[in-house]
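Each reported figure results from applying straightforward, stated rules to the coordinates on display, with no laboratory input. Since the model is a prediction, treat every value here as computed from it, not as a measurement. Methodologically, a virtual Cβ is constructed for each residue, glycine included, from the backbone with ideal geometry; neighbour enumeration extends over all protein chains shown.
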Amino acid sequence: MKYYNLKDHLENIDFRGATIKGQGKEKGLFFPETIPQFTEEFIKNLHQYSNEEIAYQCMRDFVGDEIPSEVLKEIVAETVSFDIPLVKINEQISILELFHGPTLAFKDVGARFMSRCLSYFLKDQQKKVTVLVATSGDTGGAVAHGFYKIPQINVVILYPKNRVSPVQEKQLTALGENISALEVDGSFDDCQNLVKQAFSDEEINSQLFLTSANSINVARWLPQQIYYLIALKQWIQHHKEQPVICVPSGNFGNICAGLLAHLRGLPASHFIAACNANHVVPDYFITQNYLPQKAVATLSNAMDVGNPSNFVRIIELFGHQFETLKNKISAYSIDDDKTMSTITEVYEKYGYILEPHSAVAFAAMEQYLQENPDQKGCILGTAHPVKFPDAVEKAIHTQIEIPESLNELMKKEKKTVEINSDFEELRRFLLHKI
Ligand SMILES: *Cc1c(COP(=O)(O)O)cnc(C)c1O
């Protein structure tokens, strides 16, 4: 498969190149040249396939012959090596629990796929790669875990000081080895800006081979389509109608992957982008004007994004047709008060514990279903409640248990380097400390 740069369609690259480089000239995102279709057979018989087979069928066309099929099979097996159940919350809404992976976040899937592809592509080379990534909370842990001890790869993670939860912080600061965590005195947008500056700094790029592990990288973005197939596989066993799919959205990589799967033939009656108080995209659907904003801090901190980088891919997917896009997707903005009352209500009514991101999705789905009462759907549960204990415990007035898998981690020491949001400090670190 070839990919083109959305900023310069003449720049073409294969899957290997796109995985290693991350982004193209002028910081453009890569986009697949064709949208390979699922066969009707495959979609109709999804329930007969294992998750591994689904993942393989989903990714094969995007990788082509650049990774031998036995190796790709191993990679996808490791990518989906945990449970992804679809759980019914009430008569109308189910949740796809994507948080049973090693860092209890859906980002484990993309991070595991990408790290293993990158490792395969670098295997016979001298080249050392530095993965530079900004995180609002969950990406850091998933990327750190996905790349931990992978030869020839150093990982540098920037995260906003005091804006990630204790479990999130431990997941990205306690590993050590080839993983460095930089604690930035600033917001997630500041972290993202620092990363962008590093990518365009000549001296840094002459010394290091930098790549990104944010969802701008196709090897992290594309495997997220797998969630939607696994959701549908379970959905069709209980429902005749197509589902409404609601995705808690920040950088819009996840929902964009869902839309891609839909355009390849995955049935879904409608998509909902559920946002927190950062409402650039909901505003866009009203005004048709895309106006990036400074991110504001919310309880669902992994979605505190003021300029979602994948939105350009969504526009491209829909051929820049605003009306077509608007017919397929609705976007809602849910504030922190509504997020909290949703966690409380869902716990009291149905005994299910949501965390802030899934609560934003649940609230958005409820709003949509009020206007479309004959529909049913699923929300994507993107993180485990234990990653956001303060909000959850306050909302349900009950303590949540830390899963056993985290006990070891929580005892480990945090190792970070503190920097301010001035680029010079990051520059010095990259040039002299790794
Ligand atoms: C990253 C993240 C999101 C947002 O996903 P995008 O692909 O950036 O839209 C939602 N929920 C959680 C828990 C996350 O970590």
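May I ask for the distance between the Cα centers of segment 161-237 and segment 40-95, given as a whole number of Å? So the separation of the two Cα centres works out to 23 Å. Dividing the convex hull volume of the alpha carbon atoms of the chain by its residue count gives 134 Å³ per residue. Please say if segment 296-415 is rounded, prolate or oblate, where rounded means a/c under 1.5 for a ≥ b ≥ c the square roots of the C-alpha gyration tensor eigenvalues, and otherwise the choice is prolate for a/b larger than b/c and oblate otherwise? Oblate is the answer for segment 296-415, as a/c is 1.5 or above yet b/c matches or exceeds a/b. Taking the average, over residues, of other Cβ atoms within 10 Å as the packing measure, peptides 83-89, 399-405 rank 83-89, 399-405 from highest down. Where both bridge residues fall in the chain, DSSP classifies roughly 25% of the beta bridges as antiparallel. Applying a DSSP loop filter and a limit of 10 other Cβ atoms within 10 Å to the GluC sites (Glu not before Pro) in segment 77-157 leaves Glu91. Panel values: segment 2-128, Kirkwood radius from alpha carbon pairs, Stokes-Einstein at 25 °C and 0.890 mPa s, translational diffusion coefficient 147 µm²/s. Ranked by the mean number of other Cβ atoms within 10 Å per residue, highest first, peptides 288-301, 348-361 order as 348-361, 288-301. Ellipticity at 222 nm from helices only: DSSP H runs of n ≥ 4 in the chain, each -39500 (n - 2.57), divided by the residue count, give -12500 deg cm²/dmol. Mean sequence separation of contacting Cα pairs (under 8 Å, at least six apart), scaled by the length of segment 74-198, corresponds to a relative contact order of 21 percent. Going down the table (Lys161/Lys326; Lys107/Lys127; Lys44/Lys73; Lys123/Lys170; Lys149/Lys414; Lys107/Lys328), which pairs top 28 Å between alpha carbons? The pairs that break the limit, which is 28 Å between Cα atoms, are Lys161/Lys326; Lys123/Lys170.
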